[in-house]
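Visitor: Below is the structure I would like to discuss, written out as C-alpha cells.
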Amino acid sequence: MILTWVISLLLLCTSLIIYLERLTSLRVLEIKTIEYAQERFMSAERSVLECEANITNVSALIENHCFIQSVGKGLWLISSKEKPSIHIHVLVDEKSGAVTRLNWRQAFE
C-alpha cells in the first residue's frame, strides 16, 4: 500500500516537472515573439519617421522605405512598406515647411 502511494507521488512529481518545463518553454517562446514584434514595429516607425522628416525633400531619401501619397492640400499619408504597416497623416505648412503629425495607426491585415 505504501509502495503504491510512493509511486503515485513520484509520478505526480514527474508530471508536474514536465508541465513546468513545457510552461517555461512556452514562456520563452512568448518573450522571443514579443521582442521580435517590437523590433519590427520600431523598425517600421523609424522608416516612417525618416520619410516624415524628409517629406519636403523626398529626393534626399537614400532608400525609400515607405509609400507617400498626397491626400489633400498640404496633407500627406505616409505608410511603411515593412510589416507591421504603420500609417501616419502629416500636415506640411507650405510657408514654413513645418511638418505636423496629425495621427497614426497600425494597419492590421
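Quick note: the coordinates plus some simple rules give every number you see, no bench work behind them. All values derive from a computational prediction rather than experimental measurement. When we count neighbours, we look across all protein chains shown, and the Cβ atoms used for this are built from the backbone with ideal geometry, even at glycine.
Visitor: What's the magnitude of the charge dipole for the chain around its Cα centre, counting Lys and Arg as +1 and Asp and Glu as -1 at the beta-carbon? Answer in Debye, nearest 20.
Guide: On the way: 11 positive and 12 negative charges, 40 e Å.
My answer is approximately 180 debye.
Visitor: Near LYS32, which lysines are there with a Cα under 27 Å away, not counting those fewer than 8 places off in the same chain?
Guide: Leaving aside lysines fewer than 8 places away in the same chain, those within reach of LYS32 are LYS81, LYS83.
Visitor: If you don't mind, there's one more thing I want to ask. What nm distance separates the two modelled labels at ILE7 and ARG101, each placed 7 Å from Cα along Cα→Cβ?
Guide: Here the modelled spin labels are 6.5 nm apart.
Visitor: Additional query: Roughly speaking, what is the stretch gain from MET42 to LEU29, that is 0.36 nm per residue apart minus the C-alpha to C-alpha distance, in nm to one decimal?
Guide: Values: separation 13, 0.36 × 13 = 4.68 nm, distance 2.00 nm.
Computed gain between MET42 and LEU29 is 2.7 nm.
Visitor: Net charge near HIS89: determine it from the other residues with C-beta under 12 Å of the C-beta of HIS89, scoring Lys and Arg +1 and Asp and Glu -1.
Guide: +1
Visitor: Using a cut-off of 13 Å between beta-carbons, work out the net charge of the residues near CYS51 (Lys and Arg +1, Asp and Glu -1, CYS51 not included).
Guide: With Lys, Arg at +1 and Asp, Glu at -1, the neighbours total -2.
Visitor: Output the 0 to 90 degree angle, nearest 10, between the alpha-carbon long axis of helix 2-53 and the longest principal axis computed from the alpha carbons of the chain.
Guide: For 2-53 against the chain, the angle is about 10 degrees.
Visitor: Hey, which lysines would be in cross-link range of LYS95, C-alpha to C-alpha under 21 Å, not counting anything within fewer than 8 residues on its own chain?
Guide: LYS73
Visitor: Here's a follow-up. Calculated from DSSP H runs of 4 or more alone, at -39500 (n - 2.57) each and per residue, what is the 222 nm mean residue ellipticity of the chain, nearest 500? Don't skip to the answer; put the middle values down first.
Guide: Details: 1 runs with 52 residues, N = 109.
Computed ellipticity for the chain at 222 nm equals -18000 deg cm²/dmol.
Visitor: Right, something else. Please report the Cα spread of the chain along all three principal axes, rounded to whole Å, starting with the longest.
Guide: 91, 25, 22
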